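Visitor: Sharing a structure here in structure tokens format.
The values are calculated or read from the model by the stated rules, or taken from the named source; none is laboratory data. Note that the coordinates shown come from a computational prediction; the quantities given were computed from them, not determined experimentally. Cβ atoms come from the backbone with ideal geometry, glycine included; neighbour counts cover every protein chain shown. These area figures cover heavy atoms from the full protein model, side chains too; ligands, DNA and RNA do not enter into them. Shrake-Rupley method; radii C 1.70, N 1.55, O 1.52, S 1.80 Å.
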Amino acid sequence: MLLRSLNPLAVARGHDIPDAVTIGDISLSRGDILGAATSVAERISQAERLAVLATPSVKTVLAVVGCLIAGVTVVPVPPDAGVAEVEHILRDSGAQAWLGDAPENTAGLQVLPVRQHARSWHSYPDPHPSSIAFVLYTSGTTGPPKGVLLSRQAIAAGLDALAEAWQWTSKDTLVHGLPLFHVHGLILGILGPLRVGSPVVHTGKPTPERYAAAAGTLYFGVPTVWSRIAADEDSARALSHARLLVSGSAPLPVAVFDRLRELTGQAPIERYGMSETLITISTRADGERRPGSVGTPVAGVETRLCGESGEILPHDGETIGALQVRGPMLFDGYLNNPEATSKSFTEDGWFDTGDVALIEPDGFHRIVGRASTDLIKTGGYRVGAGEIEAVLLAHPSVDEVAVVGLPDEDLGQRIVAFVVGSGVEERVLIDLVASELSMHKRPREVRVVDSLPRNAMGKVQKKQLG
């Protein structure tokens, strides 16, 4: 079937769905998408790589599906990317033209139109499963964005594993308002429902009111979205009919987890992944939903923790180590960057995520942060900033927090919490951490700030704190 090799409309043949994709006030059936995307495929079949300005629109969906049908690699470009970032992506990827919409500065590339009402029923052979479907660019927090090579078979394996873990079927209706240029919004949020056969409603802006009005069974959101919904009681209660509420892309504060459970009658699901791995760990639909945990490995995935000398660490719920993964949904390397590709894999073939975590004896994983910024070595102990941040965020005076390790002559690093909030009392927060966690994990200092430095993706830039 087309679907099994990631032309994501195979089940559309003989099984049309009138509202397969709804974005804004436009709804397309699976037949509409297949016909229009095949028309796109006819015009681009000789191309190798095309840039798609990934606006939340049906043109983006048709452009992406058309490329998948034709076997052309998609290079999604964030619609809010700056000139320098766009030029880097186009130059590094070797994109030959824009498909669909394009920014004002096209960088000299031709713009190929996508016509929503065009139709073709030409049949294309399925490209080889190992062929590259996407070049997704990272957020560039440690240098210029790197192009992540994702094959058709990796994406298929990743989506199928999630469908199994979440019991995701054609009876579901997915709702989300996520951007369409990364894994969460595009691959999970558009290709996922097309592969499974479930309708998807994109809300545009992911506001509580729009989520509440969409009447879906499966909802995707990032913690910011869920925090806003949890603060809007009426909208949150309107989601009580849903089957699953899924949070990802960053840790969900425990207070938001608890509030959603109180208002909707169900605990949200958390999952873990990145552009290079897709989703490798998740809470299961039929399993325990534990606050602060991203669950267990999905089908086909193995995980392990490693120490600084490469030793394998125990899964005892206490020992923190570098999280390494392997599985069929991993990427094929970084485009034009063999050195970075080599550094990201161990000699025995495991991908080093760059995150630090601990694993409970029952297999549940807790991510405590990035190894580069969130692993604090203080007084001979290895401490994860993420678990301290989770405790602090539960206090009503704390709106945002970032915990870092700053140089200290005695301890090596001292734990410092940068807090955004009102009525913050340093001693209260320090004592709270000491009572909830081990004494050595308490902050030695709490600094109240007006805001936390963030990049364009909204991620806190801890290296600017100090």
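Visitor: Counting only residues that are touching a Pro at 6+ places or on another chain (Cβ under 9 Å), farther than 15 Å from residue 165 by Cα and of a type in the set (Gly, Ala, Ser), which one in the stretch 283-320 is least open to solvent (accessible area, probe 1.4 Å)?
Guide: Residue satisfying both the conditions and the ranking: 317.
Visitor: Go through 95, 107, 102, 81 for me and flag whichever is part of a loop (DSSP other than H, G, I, E, B) and under 16 Å from residue 149 (Cβ atoms).
Guide: None of the others qualify; the one that does is 95.
Visitor: For the stretch 246-290, which residues satisfy the criterion of being more than 20 Å from residue 362 (Cβ to Cβ) and either free of Cβ contacts under 8 Å to residues at least 24 places away in the same chain or in a helix (DSSP H, G or I) (or both)?
Guide: 255, 256, 258, 259, 260, 261, 262, 263, 264
Visitor: Looking at (1) in a helix (DSSP H, G or I); (2) open to solvent by less than 10 Å² (accessible area, probe 1.4 Å), which is the only condition residue 175 fails?
Guide: Unmet condition: (1).
Visitor: For the structure I just gave you, tell me whether residue 66 is touching a residue at least 40 places away in the same chain (Cβ under 8 Å), within 16 Å of the chain's Cα centre (by Cα) and open to solvent by less than 10 Å² (accessible area, probe 1.4 Å).
Guide: Against the criterion (touching a residue at least 40 places away in the same chain (Cβ under 8 Å), within 16 Å of the chain's Cα centre (by Cα) and open to solvent by less than 10 Å² (accessible area, probe 1.4 Å)), residue 66 does not qualify.
Visitor: All but one of (1) within 23 Å of residue 256 (Cα to Cα); (2) at pLDDT below 90; (3) open to solvent by less than 50 Å² (accessible area, probe 1.4 Å) hold for residue 440; state the number of the condition that does not hold.
Guide: Here residue 440 clears every test but (1).
Visitor: Also: For residue 49, indicate whether it is touching a helix residue (DSSP H, G or I) at 6+ places or on another chain (Cβ under 7 Å) and either at pLDDT below 95 or surrounded by fewer than 18 Cβ atoms within 10 Å (Cβ to Cβ) (or both). Talk me through it step by step, then tell me what you get.
Guide: On the way: touching a helix residue (DSSP H, G or I) at 6+ places or on another chain (Cβ under 7 Å): yes; either at pLDDT below 95 or surrounded by fewer than 18 Cβ atoms within 10 Å (Cβ to Cβ) (or both): no.
For residue 49, the condition - touching a helix residue (DSSP H, G or I) at 6+ places or on another chain (Cβ under 7 Å) and either at pLDDT below 95 or surrounded by fewer than 18 Cβ atoms within 10 Å (Cβ to Cβ) (or both) - is not met.
Visitor: Follow-up. Within the stretch 411-436, how many residues turn out to be free of Cβ contacts under 8 Å to residues at least 24 places away in the same chain and surrounded by fewer than 15 Cβ atoms within 10 Å (Cβ to Cβ)?
Guide: Residues that pass the stated criteria total 4.
Visitor: I've got another one for you. Is it true that some residue in the stretch 73-90 is on the phi < 0 side of the Ramachandran plot, hydroxyl-bearing (Ser, Thr, Tyr) and more than 24 Å from the chain's Cα centre (by Cα)?
Guide: no
Visitor: Might you check whether a residue that is within 21 Å of residue 37 (Cβ to Cβ), touching a Gly at 6+ places or on another chain (Cβ under 7 Å) and of a type outside the set (Asp, Glu) occurs anywhere in the stretch 101-116?
Guide: Yes, there is a match, as at least one residue in the stretch 101-116 is within 21 Å of residue 37 (Cβ to Cβ), touching a Gly at 6+ places or on another chain (Cβ under 7 Å) and of a type outside the set (Asp, Glu).
Visitor: Another one. Report the residue count in the stretch 363-407 for those that are under 22 Å from residue 464 (Cβ atoms), over 24 Å from the mean Cα position of the chain (by Cα) and open to solvent by 40 Å² or more (accessible area, probe 1.4 Å).
Guide: Of the residues in the stretch 363-407, 2 are under 22 Å from residue 464 (Cβ atoms), over 24 Å from the mean Cα position of the chain (by Cα) and open to solvent by 40 Å² or more (accessible area, probe 1.4 Å).
Visitor: Right, something else. Among the residues of the stretch 342-360, how many are among the charged types (D, E, K, R) and closer than 17 Å to residue 297 by Cβ?
Guide: Number satisfying all stated conditions: 3.
Visitor: Another question about this same structure. Between a residue in the stretch 23-38 that is in a helix (DSSP H, G or I) and crowded, with 16+ Cβ neighbours inside 10 Å and any residue that is modelled with pLDDT under 90 and among the hydroxyl-bearing types (Ser, Thr, Tyr), which pairs come within a Cβ distance under 8 Å, given they are 6 or more apart or on different chains?
Guide: As it stands, the answer is 38/124, since those pairs meet every condition given.
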